[in-house]
1. Just the number, please: percent antiparallel of the DSSP beta bridges in the chain, rounded to the nearest 5.
2. If you take every DSSP beta bridge fully contained in segment 56-165, what fraction is antiparallel? Give it as a percent rounded to 5.
3. Calculate, for residue 142 and residue 78, the FRET efficiency according to 1/(1 + (r/R0)^6) with r their C-beta to C-beta distance and R0 35 Å; round to the nearest 0.05.
4. What number, in percent, do you get for the relative contact order of the chain if the mean sequence gap of Cα pairs under 8 Å and at least 6 apart is divided by its residue count?
5. Would you mind checking the radius of gyration and Dmax of the chain based on alpha-carbon positions, in Å?
6. Stretched out fully, how many nm does the piece from residue 104 to residue 85 gain, at 0.36 nm a residue minus the Cα gap?
7. Quick check: the angle from helix 164-178's long axis to the longest principal axis of the chain, C-alpha only, nearest 10 degrees?
8. Please give the FRET efficiency for residue 67 paired with residue 42, using the beta carbon to beta carbon distance and R0 = 30 Å, rounded to the nearest 0.05.
């Protein structure tokens, strides 16, 4: 059963491959969107094994002892780690619906999704001419714009990849047109 994605708007950022600059763009764009009054959460797809916990820490030791889930909480933040290898989902790539189900959508106005280029969610493509990669926008109807460093052959709107305020303005216009929100 798919979760109701209409509860909180999702906006994906995709590119043909890694190293295009999605994270670099988002680290500049998120503060700009926050200045405009949005509360943002991010779901990032990782193509490799990663760990946010470190050997020697109590949470790492407890997880390594066999815990399926390990939650760490403090006054500043909490984090939940789930060992999928110890669940019925072992050896499966987590899909976006599974990850979205873990998010508290009441805390945010927009969930930014980095990667997951094959998901049928609204997306902005990040494209750099120097990378010489195929353009996804002409094949994916979910892509509503291309953030690029040089003009590309597409019917989708193009936004200067280096103009963060223009990208933020495009997103705000999209949000207001499709997802009425009240900003802080």
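1. Numbers: 5 of 25 bridges.
Antiparallel bridges make up about 20 percent of those DSSP assigns within the chain.
2. 40
3. Numbers: r = 32 Å, r/R0 = 0.91.
Given R0 = 35 Å and the Cβ-Cβ separation, E is 0.65.
4. Numbers: 248 pairs, mean separation 58.5, N = 184.
For the chain, the relative contact order is 32 percent.
5. Taking only Cα atoms of the chain, I get Rg and Dmax of 18.0, 54 Å.
6. 4.4 nm
7. Relative to the chain, helix 164-178 is tipped by roughly 80 degrees.
8. Details: r = 25 Å, r/R0 = 0.84.
According to the calculation, E is roughly 0.75.
Rule-based calculations on the coordinates, nothing more; no lab input. On a predicted model such as this, the values are computed, not experimentally measured, just so you know. In this analysis, Cβ positions are derived from the backbone assuming ideal geometry, glycine residues included, and neighbour counts consider all displayed protein chains.
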